[in-house]
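Q: Just dropping this structure here.
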Amino acid sequence: PLLLYIVLMLRGKDMNVSVLLCVILGAVLNGESILGFANTIYSSLGSFCALIGFIIVLGSGLAEVLSQTKVAHNLVYTVVNRFKLKSKRAAILISMVTSTLMVSLLGTLAGSNAIIAPILIPIVASVGLTPSTLGVILHGAGATGLYIGPFVPPVVTITGLTGISYAEFLKTAGIPLAIIVWGSTFFMACRTQRKTEGLEAYSEADKEAVEFVPDVKCKRATLAFLATMAVTIVYGLVAKAGASYAILVMMTVSIIVGLVGGMSFKTSLTTMIQGGSKMFWMFFMFVLFDPFLNYVSASGAFDAIAQLMEPLIDKGGEVAFLMLSAAIGVFGISGTGVAQAQITHELFLPMVNAMNIDMHIWS
């Protein structure tokens, strides 16, 4: 099943179709009965994978509430207006800050960038940034937000799998990785701007910015969003909250922002659900990931791969193992970052324990 998954993903097949086929193959190879298969799917609804999938759904719901109340627009304009655009480099830095901030707060790379892109494009286009440069910024700076946000799925997944706290994760993994990716993104954005300037540009229509002036409700909703997030983050750190805490945070913030932003309780909840429905496909995929991994484990495939790697690890030790496991995770397991982390963890955890590798390093 793992080999089939890798082949299907590398060929660009739909992720849900790929995972479902792998689950069915795993059930057949393990001699699973029809009722046993049904019970396996039922059990997966309460799994850690399903929890992460639901957090992704709620993150999309929160993004929709912030979009409808114009809080997202206000946050972007506040950041941009506070730091005046005096040069292309300044525009690159401010765009990076905006993308990283929004992704770290909302927990979704595509969703957050989809919200801020229409707002940023007229602003950066007027300064002279090219579409390719903004593409580099949204991808790299947005990805950085996925390493530091307290409730983003990759961070919740890694802290949940390794058992380390959010503060420990930031210190040993999140911030060091964010510095590397953010720095390389800035370098590549500046390089891309030099290479594409004069060869491509936004149209005059793209440069026509729509004037945005936040009303009183929008300003209050923005303050409510920032204050609620700050309080929940601090409480989560003090209480050493686990992955399930993210569910409460996403729901609470969505409803509070909606109410303060002028929505009724029902409309706030409906907006959150409508936004979350856009990511139901992701939740469905994560529900399937649990039986997928369990069937692979039951077949003995993980143990077999570990045995194949033993000669290499005996020669190179911990460093060779960490480099090899990272390479397999990056190049051999396609899909979402959460799926990569989950599969890599399941695949190599026995060897991690056997070699007494610290969980901070593994994270």
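Q: Between rounded, prolate and oblate, where does the stretch 210-308 land on the alpha carbon gyration tensor, with a ≥ b ≥ c its root eigenvalues, rounded for a/c under 1.5, else prolate if a/b exceeds b/c?
A: Prolate is the answer for the stretch 210-308, as a/c is 1.5 or above and a/b outweighs b/c.
Q: Give the shape of the stretch 284-363 as rounded, prolate or oblate, defined through the alpha-carbon gyration tensor: a ≥ b ≥ c are the square roots of its eigenvalues, a/c under 1.5 means rounded, and otherwise the shape is prolate if a/b is larger than b/c and oblate if not.
A: It comes out prolate by the Cα gyration axes.
Q: Using a Förster distance of 56 angstrom, determine the FRET efficiency expected from the C-beta separation of Val213 and Asp314, and round it to 0.05.
A: 0.25
Q: Take each of the peptides 149-161, 115-127, average the number of other beta-carbon atoms within 10 Å over its residues, and list them starting from the highest.
A: Final packing ranking: 149-161, 115-127.
Q: Which of the peptides 270-276, 193-199 is most tightly packed, and how do the rest follow, going by the mean number of other Cβ atoms within 10 Å of each residue?
A: Sorting 270-276, 193-199 by mean packing, highest first, produces 270-276, 193-199.
Q: Before I look further, what does the stretch 192-277 give for accessible area per residue, probe 1.4 Å, in whole square angstrom?
A: 61 Å²
Q: Compute the helix-to-body angle for 337-354: its Cα long axis versus the longest principal axis of the chain, expressed 0 to 90° and rounded to tens.
A: In the chain, helix 337-354 runs at an angle near 40 degrees to the longest axis.
Q: Another question, then. Just check the stretch 166-247 against the gyration tensor rule for me: Cα atoms, a ≥ b ≥ c as the square roots of the eigenvalues, rounded for a/c under 1.5, and otherwise prolate or oblate depending on whether a/b exceeds b/c.
A: It is oblate, given that a/c is not under 1.5 and a/b is not larger than b/c.
Q: Counting each DSSP H run of 4 or more residues in the chain as -39500 (n - 2.57), what helix-only mean residue ellipticity at 222 nm follows after dividing by all residues, to the nearest 500 deg cm²/dmol?
A: The helix-only estimate for the chain comes to -25500 deg cm²/dmol at 222 nm.
Q: Which peptide among 296-307, 216-227, 250-261 comes first, and what is the full order, when sorted by highest mean count of other Cβ atoms within 10 Å?
A: 250-261, 216-227, 296-307
Q: Please work out which option in (i) 27, 55, 18, 0; (ii) 29, 61, 9, 0; (iii) 26, 51, 23, 1 gives P(r) over Cα pairs in 20 Å bins from 0, in percent calculated from these coordinates, and answer with its label.
A: Identified label for the calculated read-out: (i).
Q: Over 31 Å between C-alpha atoms is what I'm after, so list which of Lys86/Lys195; Lys217/Lys278; Lys88/Lys217; Lys86/Lys219; Lys13/Lys88 land there.
A: Lys88/Lys217; Lys13/Lys88
Q: Over the stretch 1-59, with the other protein chains present, what is the accessible area per residue in square angstrom, probe 1.4 angstrom?
A: Spelled out: the 1.4 Å probe surface of the stretch 1-59, per residue, equals 53 Å².
Q: How much accessible area per residue does the stretch 69-145 have, counting only protein heavy atoms and a probe of 1.4 Å, in square angstrom?
A: Ligands and nucleic acids excluded, the result is 34 Å² per residue.
Q: Within the stretch 47-96, which trypsin sites (Lys or Arg not before Pro) sit in a loop by DSSP and count at most 12 neighbouring Cβ atoms inside 10 Å?
A: Those that pass, being in a loop and sparsely packed, are Lys84, Lys86.
Q: Roughly speaking, to the nearest percent, how much of the chain's 1.4 Å accessible area is carbon and sulfur?
A: The value for the chain is 66 percent carbon and sulfur by accessible area.
Q: Compute the acute angle (0 to 90°) between the alpha-carbon long axis of helix 34-44 and the principal axis of greatest extent of the alpha-carbon atoms of the chain; round to the nearest 10°.
A: With both axes taken from Cα atoms, the answer is about 40 degrees.
Q: To continue, here is another question. Which lysines have a Cα less than 20 Å from the Cα of Lys240, not counting those fewer than 8 places away in the same chain?
A: Candidates past the 8-residue exclusion: Lys171.
Q: Suppose every K and R has +1 on its Cβ and every D and E has -1 on its Cβ; what is the size of the dipole of the chain about the Cα centre, in Debye to the nearest 20?
A: In debye, rounded to 20, the chain gives about 1260.
Q: So how tilted is helix 245-260 from the main axis of the chain? Cα-based, degrees 0 to 90, rounded to 10.
A: Long axis of 245-260 versus the principal axis of the chain: about 20 degrees.
The values are calculated or read from the model by the stated rules, or taken from the named source; none is laboratory data. All figures in this text were calculated on a predicted structure; none of them were measured in a lab. Cβ coordinates were reconstructed from backbone atoms using ideal geometry, including for glycine residues, and neighbour counts include every protein chain displayed. The protein model used for the area step is the full one, side chains on, heavy atoms only, and it has no ligands, DNA or RNA in it. Shrake-Rupley method; radii C 1.70, N 1.55, O 1.52, S 1.80 Å.
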